[in-house]
Amino acid sequence: MGSYYVIVTCRNSENDIESAIKSLLRQTIKPKYIIIVDDGSTDNTPSILKELKSRNDNIHLITNPDLGYDIGRVVLNWNKAINLARILNLGITDYHMIGTDDTQFEGSYAEKIMYNMDNNNRIVVASGNYDDNNYVTPHGAGRFVRNSFFNNVLRLYPEKMGYESVILQMSLYHGFKNLVINEARFSHTRQLGENHHFYEFGASMRTLGYHPLFVLGRFVQCFLSGKPMGRLGAIYMLYYYLSYKPKENGYDSMYDLEIRKAIRTRQKTRIKQIFGIRARQSS
């Protein structure tokens, strides 16, 4: 079976981080190594991480200074972890996994994900699930990314909002697929959107060039079902999509025109397919 390493970012996570890391260490197929980036914690998190590292040789730590909370640093920290793996020559793996400080994974989680990805090399991104809803798009937590695709197409995550979505879109653009594997289960110890109120969910749809009808459809689906972000979260998402004003450069800027065109073209095709199916069903 394939091999993988894990990236975990955290900040002031003393109540959650130990159980999150232990759930990774208990996997039936263990990660080759785990890179944890502590983004300037001011609580007991650094002590917990040092203790975990002292008992596990495959844990590597990156410690940032305290610059206050900023969700935009998550992607910078992911890239720090990827670069550390390359600089230290920690070893080539088939996949990298994105963990979070508030996520716990069942013991066979990695095994179930890699079983599916090993047996279908068209799958670029896959995740498990945390509830009984059927999702099409892989979740951010627990996401496995095929390194051969990632290193060839991106190499590092774009350091701008939408960094979680762009690899999903690039996978589809290049004719590959993404998958949610319901049998692989994980749980969150914090409510989804607790820190950011889904600001980036909406704003990044703008930076990535999402088609307005596609966004409206997602809003209606999320609002009516209340999943995965709740009705208030769906309203936040739509509001930030409509009100967001991108900057010229940096984290809050638009993606390249080519990427935006590719995303919108694919979404237009999907919208036409949906309306075509509904038209045939009503005739």
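Here, each number is a calculation from the coordinates, and none is a lab measurement. This one's a predicted model, so the numbers in the text were calculated from it and none came from an experiment. Quick reminder, even Gly has a Cβ in these numbers, built from the backbone with ideal geometry, and neighbours come from all protein chains shown.
Taking the convex hull of the alpha carbon positions in segment 5-123 and averaging its projected area over all directions gives 7.5 nm². Say the cut-off is 29 Å between C-alpha atoms; which of LYS227/LYS268; LYS160/LYS261; LYS177/LYS247; LYS112/LYS227; LYS177/LYS245; LYS160/LYS227 go over it? As for pairs spanning more than 29 Å Cα to Cα, those are LYS177/LYS247; LYS177/LYS245.
Could you tell me how far the Cα centroid of segment 1-65 sits from the Cα centroid of segment 242-277, in Å? If you average the Cα positions of each part, the centres end up 35 Å apart. With bins 5 Å wide beginning at 0, the percent of Cα pairs of segment 213-267 falling in each bin runs 4, 18, 19, 20, 20, 15, 5, 0.
Quick one: grab the alpha carbon gyration tensor of segment 1-50, order the square roots of its eigenvalues as a ≥ b ≥ c, and give me rounded if a/c is under 1.5, else prolate or oblate depending on whether a/b is larger than b/c. It comes out prolate by the Cα gyration axes. Rounded to the nearest 20, the Cβ-based charge dipole of the chain about its Cα centre (Lys and Arg +1, Asp and Glu -1) stands at 1400 debye.
Restricting segment 130-235 to GluC sites (Glu not before Pro) that sit in a DSSP loop and have at most 11 other Cβ atoms within 10 Å of their own Cβ leaves GLU194.
Of the trypsin sites (Lys or Arg not before Pro) found in segment 1-87, those in coil by DSSP whose Cβ has at most 14 other Cβ atoms within 10 Å are ARG26. Net length available on complete extension from GLU183 to ASP66 is 38.3 nm, with 0.36 nm assigned per residue and the Cα-Cα distance removed. For the chain, the relative contact order works out to 17 percent when only alpha carbon pairs closer than 8 Å and six or more residues apart are counted.
Here the Debye sum runs over all C-alpha atoms of segment 97-229 as equal scatterers in vacuum, and log10 of I(q)/I(0) at q = 0.16, 0.18 Å⁻¹ comes out as -0.90, -1.16. Ranked for footprinting exposure by Cβ neighbours inside 10 Å, fewest first, MET1, MET114, MET237 give MET1, MET114, MET237.
Here's the list of aspartates and glutamates a cross-link from LYS22 could span, going by alpha-carbon distance under 20 Å and ignoring same-chain residues fewer than 8 apart: GLU14, ASP38, ASP39, ASP43, GLU51, ASP57, ASP101, ASP102, GLU106, GLU111. The calculated P(r) of the chain, using every Cα pair and 10 Å bins from 0, goes 6, 27, 37, 23, 6, 1, 0 in percent.
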